[in-house]
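Take a look at the structure set out below.
Since every read-out is calculated from the coordinates, none of them should be taken as a lab result. Note that the structure is a prediction, hence the values are computed from the model and not measured. A quick note on method: Cβ atoms are made from the backbone with ideal geometry, for glycine too, and the neighbour counts reach across all protein chains shown.
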Amino acid sequence: MERESISVFDIFKVGIGPSSSHTLGPWKAALRFVALLDSKGLEKVQSVQVLLYGSLAKTGKGHGTDVAVILGLCGENPETFDVNAVTPSLNQIADTQILKIKVYGPSGDVERSQSVGFTPSADVVFLYTESLPFHPNAVTFVATFSNGESVAETYYSIGGGFVVKEGETGGGADQPHLPYPIANEVDLISACDRTGLPISGVVFENESAWRPEADTRKGVMRIWGVMRDCIYRGCHTPGILPGGLNVTRRAAELNERYTAGKPYANFDEWKAVVKAGGGSFKHILEWVSCFALAVNEENAAFGRVVTAPTNGAAGVVPSVLLYYIVFCDGDTEDQIVRFLLTASEIGSMFKKGATLSAAMGGCQAEIGVSSAMAAAALTELLGGTPRQAAMAAEIAMEHHLGLTCDPVAGLVQVPCIERNTMGTIKAITAAYLALQSKPENARITLDAVINTMWETAKDMNHKYKETAEGGLALQIPIGLSDC
């Protein structure tokens, strides 16, 4: 297995919904193409065209792939671009048929730009019947220059917002040397045994190869801040989700019902109201489900989310973390950082040993992985050993094996939003099971379940891999078949 160095900030990325592989990945690919054009002379660019293949074509409309590549070609940053400006920006390009390719400097100002003729309906081409062999999520950018030359680059969005260019490999000489390189559970447990550190401690040591510890802490807390804001925003935003299915947002209605008129003015006051309701099973179940719905309703509405490890599964990790903060008194910076570091390591192991792409592995690669990540992190923070944390991750994934990706109308809504509530509950259950178990008695290891997930992914029929050609996607109500 190739040794690949993956940071916590590779697993957790800030972006705009609804999909890490179909929105964030193509957006990042477009930014890479803009950098290439800039190196060749941006002022010479005369035209740009985008070709979408495989799953990016089949569910690209519902996943906003066309939106992503256009905004990426405009040089916009998915971490900071105003989500309220998405529709106005696209309408302006469609109305004027002009695309302004921009290169931003470190200060955030536009340093160079070039305007080219661009008709979104004609210049973003959905090749529904064509796929490229390396990966189902492929996009090719083509540009012509004033001197008659042209350039084309193909990129693959391989899941979780990770992007590789045609011919690239996952590793590279420029990757840092980690003190504890980890490819699988054996490596992870060995590192914990040798150092006496929990999983989060080993990850901290590895992150030091990229940056000082203080910077890692600051960056992880920023990730949590985006997650926290997403939950709060989703719990206070009613309405109908875009896309044509007319799915009603539920988190805001549930939040209003559960808070029962109790006053609050910000997240901390709201959190106190949630906690004051007590610790009954019903109360906790209602709230963690509401947290997860809130995140993925935001995701479906092109809101700002954190891939964890994907956008479609973005609700599980923050919901389990907020469960720990509210109901387990885990509201300290150290506990939050440890939770996210542990979760990231489990996610990176699945990426290295299997996939984070639903187009490759079905929804087991998204909700299954996110549930495993959250289960391991919760186990560690509740006092579990590294072996118990790995056991919790195994339990969570074991009960997601074979889960298909069958988005109705190609949208990240049905069944995706509710699946985050299921992944959240399974993660919490897996953690408590592992805490009351002896890992040495377990018959299935985390490595075994990762391998099984990958074998299952390879055996799974392609129509259940984010194509909207099988499963629930075939049960589209009359009148929505053209969504």
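Points to keep in mind about this one:
- Long-range amide H partners of Phe134 with built H, under 5 Å: none
- Cα shape, segment 17-165, gyration tensor, a/c 1.5 rule: rounded
- Neighbour-count order for Met391, Met422, Met221, Met453, fewest beta carbons within 10 angstrom listed first: Met221, Met422, Met453, Met391
- Local electrostatic count, Thr216, Cβ distance below 14 Å [Lys/Arg +1, Asp/Glu -1]: -3
- In the chain, the alpha-carbon atoms span a convex hull of 148 Å³ per residue.
- Relative contact order %, segment 191-330, counting alpha carbon pairs below 8 Å whose residues are six or more apart: 23
- Greater than 25 Å apart at Cα, pairs in Lys165/Lys351; Lys40/Lys102; Lys275/Lys438; Lys13/Lys44; Lys271/Lys352: Lys275/Lys438; Lys13/Lys44; Lys271/Lys352
- Relative exposure of Lys61, Lys282, judged by other C-beta atoms within 10 Å (fewest first): Lys282, Lys61
- Distance between the pseudo-spin-label points of Phe281 and Leu474 (7 Å out from Cα toward the beta carbon): 3.7 nm.
- Positive minus negative residues near Ile70 (Lys, Arg vs Asp, Glu; Cβ under 10 Å): -3
- A cut-off under 15 angstrom between Cβ atoms defines the neighbours of Val247, and their net charge, with Lys, Arg +1 and Asp, Glu -1, is -1.
- Each Cα pair under 8 Å and six or more residues apart adds its separation to the average, and for the chain the resulting relative contact order is 18 percent.
- Exposure proxy order (Cβ contacts within 10 Å, fewest to most) of Ile98, Ile284, Ile325: Ile98, Ile284, Ile325
- Taking all Cα-Cα distances within segment 244-317, those exceeding 15 Å account for 60%.
- Between segment 1-74 and segment 176-249, the Cα center-to-center distance that results, in Å: 22
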